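Novice: First, the structure itself, so that you have it in front of you.
The values are calculated or read from the model by the stated rules, or taken from the named source; none is laboratory data. Given the structure is predicted, the values throughout are model-derived calculations rather than measurements. Virtual Cβ from ideal backbone geometry, glycine too; neighbours counted across all protein chains shown. Areas reflect the complete protein model, heavy atoms only, side chains present, ligands, DNA and RNA absent. Shrake-Rupley method; radii C 1.70, N 1.55, O 1.52, S 1.80 Å.
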Amino acid sequence: MNLLQQERQRLRTALRKKGMRSTRQRELIYGILLDQRNHPTAEEMHVRAKKELSGISLATVYNGLEALVSCGLVKQVHFERTSTRFCPNLQEHAHFQWEQTGKVLDVPLGMEASRYLKDILPEGYSAHSISLSYVGR
């Protein structure tokens with residue numbers, strides 16, 4: 001998995017700001033997320049990463065994903081009673097999960113919807129991000 005120069009630089013800059021360094025494993029994990037934007041679990045990421053780097057452990061994948069989340073390059077997506085999924089889309093958006101397959105898609109939130117969701121908060125509260133998920137068919 002080869003990152004584009006711009007993506008590699010974004011990764012290195014974000015990691016450096018958090019006092020971390022870019023590694024081959026982190027670059028691979030980030031590249032897989034950007035290449036296939038289908039909200040994989042850590043276990044699914046491990047299977048994909050092993051195709052490129054056969055000796056990579058599940059712990060390394062978890063640690064790499066945690067690093068990407070902590071430096072703001074990836075978001076965690078949680079659905080009730082399922083494994084955490086990872087999403088490289090940093091724009092305001094919701095997620096839709098199919099009940100039958102577990103497949104997850106991004107659902108764009110326009111400016112009007114985002115503004116409305118923030119406006120309906122109780123007085124005195126403010127949100128810096130929104131996590132909205134749909135489950136259905």
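Novice: So which residues in segment 73-103 are in a loop (DSSP other than H, G, I, E, B) and in contact with a helix residue (DSSP H, G or I) (Cβ under 6 Å, 6 or more places away or on another chain), if there are any at all?
Specialist: Correct list: L73, V74, P88, E92.
Novice: How many residues are assigned to a loop (DSSP other than H, G, I, E, B) and in contact with a helix residue (DSSP H, G or I) (Cβ under 8 Å, 6 or more places away or on another chain) if we restrict to segment 1-22?
Specialist: 7
Novice: Is it the case that S114 is surrounded by 14 or more Cβ atoms within 10 Å (Cβ to Cβ), among the polar types (S, T, N, Q) and not in a helix (DSSP H, G or I)?
Specialist: For S114, the condition - surrounded by 14 or more Cβ atoms within 10 Å (Cβ to Cβ), among the polar types (S, T, N, Q) and not in a helix (DSSP H, G or I) - is not met.
Novice: Being within 18 Å of R85 (Cα to Cα) and open to solvent by 50 Å² or more (accessible area, probe 1.4 Å) is the filter here, so list the residues in segment 3-47 that pass it.
Specialist: Those that are within 18 Å of R85 (Cα to Cα) and open to solvent by 50 Å² or more (accessible area, probe 1.4 Å): R26, D35, Q36, R37, N38, E43, E44, V47.
Novice: Mind checking which pairs have a first residue in segment 31-53 that is assigned to a loop (DSSP other than H, G, I, E, B) and a second that is of a type in the set (S, T, N, Q) and open to solvent by less than 30 Å² (accessible area, probe 1.4 Å), Cβ under 9 Å, 6 or more apart or different chains?
Specialist: Listed pairs, sorted by first residue: H39/Q97.
Novice: Then there's this: Collect the residues in segment 55-70 that are open to solvent by 20 Å² or more (accessible area, probe 1.4 Å) and not in a helix (DSSP H, G or I), keeping them in residue-number order.
Specialist: G55, S57
Novice: Kindly indicate the residue of segment 71-88 that is under 11 Å from the mean Cα position of the chain (by Cα) and hydrophobic (A, V, I, L, M, F, W, C) and also surrounded by the most Cβ atoms within 10 Å (Cβ to Cβ) among those meeting that condition.
Specialist: V74
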